[in-house]
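This report refers to the structure that appears directly beneath it.
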Amino acid sequence: MMKPALLLLVSCVAFAQIPVFDVADVHVTKPGTKRNGGMIPGSGRVEFVAISLSELIQFAYGIDDDMIVDPPKWLGYNHYDVYAKGKRGSSDETVKLMLRALLTDRFKLVFHSVDKPMPAFIMTAGKRIQMKQAPEGEDTQCQPKGGGGDDGMITIDCTNLTMAAFAERIHQYAGGYVTHPVVDQTGLKGGYDFTLKWTARGVLESKHEGISVFDALEKELGLKLEEKKAPLPVMAIDSVNETPTPNAPGVKETLPVTATEFEVAEIKKSAPGTQQGGGFKPGGRIDIQALSIKDFLPFVYDVDANMIVGTPKWMETDRYNIVAKPPTEVSMDSLRVMLRSLFIEQFKMETHREQQPVSVWVMTVSKRGLKMEKASGAGVSGCKFGGVVNDMISWTCKATTMAQFGEQFHQYAGGYLDHSVVDETGLPDSYDFTITWTPLQKLQGMRSATPPSDSAGAPGASDPSGLTFFEAAERQLGLKFESQKRPMQVIVIDKASPPVADN
């Protein structure tokens, strides 16, 4: 059986041959630090803040959390800051190789590969193959072409692609459908030329018309993809250090200085009729049209919108175009710092922080009782998207505390949890659970009721037309959410003025 290239794990003794970072600062995260950062494309740099070692391993090796077996429990709990610099222009794959070397050097990670039955998609050849054998010497490539149109059609054109390579790439291109690794059992040799077209899963489920990637594979290429369990190589950790080895002397001075201001920045009031658009570009560049400053402030300060008070009316009504370019590639966290400085300069903005009562979602144990199981201690902490089935979103979490649950599902179920979550369950343990609910936009089309207001609290009535996140939490987990006021630290805008000139 051909095993997925993405999951092939090499022996640690081979690490001496892989590239390494020129310099790296690795240390334990200070308590209370918010997670941010990541890989800065094209720069050869990574800036991970408050990342668990489990997440770092998953990123470096391109595996899911369930592909790590018998890990120490702290692997998903302890958090680290990793700032590292390699050769400028290094590819994403090269950066991942350098991270593997860092894990070996600084955390003394040692593991071996074992086969374990895992959920997978088995790709086999049908009775009639509808792909053309590629001519000898043809370039190997596979280009996605589309996916943003109203019809939701996604197209990929591939030339001289082997089935082993296609098995890996379809997992990337059609992640909405192909939620597990793909194992090639077609028996087909050599490369093939083909075009594959299918409907994005979200569009197909909302419009109920189009073609799934599974049907497209069979009708257009003559291939079958079936979900089964298959023996796949997983990472069995032999040993790993909880405390990283100390940094070399002078490391912080050697690392590039993080930019604190833009090289070029321009803020102009949008012309009447300008459509809102644009966004963040690679390397930290910004090109945004017709956005209100009030809508932008939550990103700039990395807080919920209701945690910013005192915004003047013009910040809500006026629309601005923002174009900015940093002097070098920067992380998202650095970008926030630079934007704050820009806004202070351009809008003469003055702020302070204080405690004020604001709307939050208070999470408690339901009167029906807790319905989650305490974590067994095996496996790493984390939540994994289980896909969308019958219009329902599913997430499975392992070894997750209630504080982690509130923080993560504030993002996953943002349509419902539109304010911060305060954990008042009093539960100190971590739990294993799965929660499934109907997305808010889909539910609104199924029900006549409107979403809950801040004063109304979370809905609890049973309804056959879908299941709100709040109903799912109470029925499936034994957790209750109520909208209440709590004193929280907010950002108060004391003073701000629209720019006098265009820039």
Subset tally (residues that are closer than 25 Å to Ser54 by Cα and either outside the structural domain of Ala473 (by TED's automatic domain parsing) or among the acidic types (Asp, Glu) (or both)) for region 401-440: 4
Residue, surrounded by the most Cβ atoms within 10 Å (Cβ to Cβ), within region 237-272, restricted to residues that are touching a Lys or Arg at 6+ places or on another chain (Cβ under 8 Å), over 25 Å from His79 (Cα atoms) and in contact (Cβ under 8 Å) with a residue 60 or more places away in the chain: Phe262
Scan of region 73-108 for residues that are closer than 17 Å to Asn247 by Cα and touching a Leu at 6+ places or on another chain (Cβ under 8 Å), ordered by number: Tyr80, Val82, Tyr83, Ala84, Lys85, Leu99, Leu103, Phe107
Inter-residue pairs, beta-carbon under 7 Å, first aromatic (Phe, Trp, Tyr) and in region 148-174, second at pLDDT below 85, 6+ apart: Tyr173/Pro144
Answer from Val323, Val309 - the residue that is under 18 Å from Phe262 (Cα atoms) and among the β-branched types (Val, Ile, Thr): Val323
Gln58, sole failed condition from (1) at pLDDT 90 or above; (2) surrounded by 18 or more Cβ atoms within 10 Å (Cβ to Cβ): (1)
Region 273-285, residues that are buried (at least 17 other Cβ atoms within 10 Å of the Cβ) and at pLDDT 90 or above: none
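Going through Gln185, Gln141, Gln172 one at a time, which residue ends up being closer than 27 Å to Glu329 by Cα and not assigned by TED's automatic domain parsing to the domain that holds Ile68?
Numbers: Gln185 fails: closer than 27 Å to Glu329 by Cα; Gln141 fails: closer than 27 Å to Glu329 by Cα.
Of the residues listed, the single one that is closer than 27 Å to Glu329 by Cα and not assigned by TED's automatic domain parsing to the domain that holds Ile68 is Gln172.
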Qualifying position, being within 30 Å of Arg45 (Cβ to Cβ) and either over 22 Å from the mean Cα position of the chain (by Cα) or not assigned by TED's automatic domain parsing to the domain that holds Glu47 (or both), among Lys398, Lys384: Lys384
Residues of region 410-439 that turn out to be assigned to a loop (DSSP other than H, G, I, E, B) and in contact with a Gly (Cβ under 6 Å, 6 or more places away or on another chain), as a count: 1
Residues being in a helix (DSSP H, G or I) and out of contact with any Lys or Arg (no Cβ under 8 Å at 6 or more places or on another chain) - total across region 306-329: 5
Strands (runs of 3 or more DSSP E) contained entirely in region 147-229, each with at least 2 residues that are modelled with pLDDT under 90 and in contact with a strand residue (DSSP E or B) (Cβ under 9 Å, 6 or more places away or on another chain): 153-161
The one condition in (1) over 28 Å from Glu329 (Cβ atoms); (2) more than 19 Å from the chain's Cα centre (by Cα); (3) in contact (Cβ under 8 Å) with a residue 40 or more places away in the chain; (4) not in a strand (DSSP E or B) that Arg106 fails to fulfil: (1)
Candidates Lys219, Lys268, filtered to the one that is basic (Lys, Arg) and closer than 30 Å to Ala134 by Cα: Lys219
Filter result (outside any loop (DSSP other than H, G, I, E, B) and within 30 Å of the chain's Cα centre (by Cα)) within region 235-253: Met235, Ala236, Ile237, Asp238, Ser239, Val251, Lys252
Some residue of region 60-79 being assigned to a strand (DSSP E or B), closer than 14 Å to Leu99 by Cα and among the aromatic types (Phe, Trp, Tyr): no
Of all residues making up region 298-310, the number that are in contact (Cβ under 8 Å) with a residue 60 or more places away in the chain, within 13 Å of Ala496 (Cβ to Cβ) and surrounded by 18 or more Cβ atoms within 10 Å (Cβ to Cβ): 1
Tally, over region 41-59, of residues that are part of a loop (DSSP other than H, G, I, E, B) and under 18 Å from the mean Cα position of the chain (by Cα): 1
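The values are calculated or read from the model by the stated rules, or taken from the named source; none is laboratory data. On a predicted model such as this, the values are computed, not experimentally measured, just so you know. Positions of Cβ are backbone-derived with ideal geometry, glycine not excepted, and every protein chain shown enters the neighbour counts.
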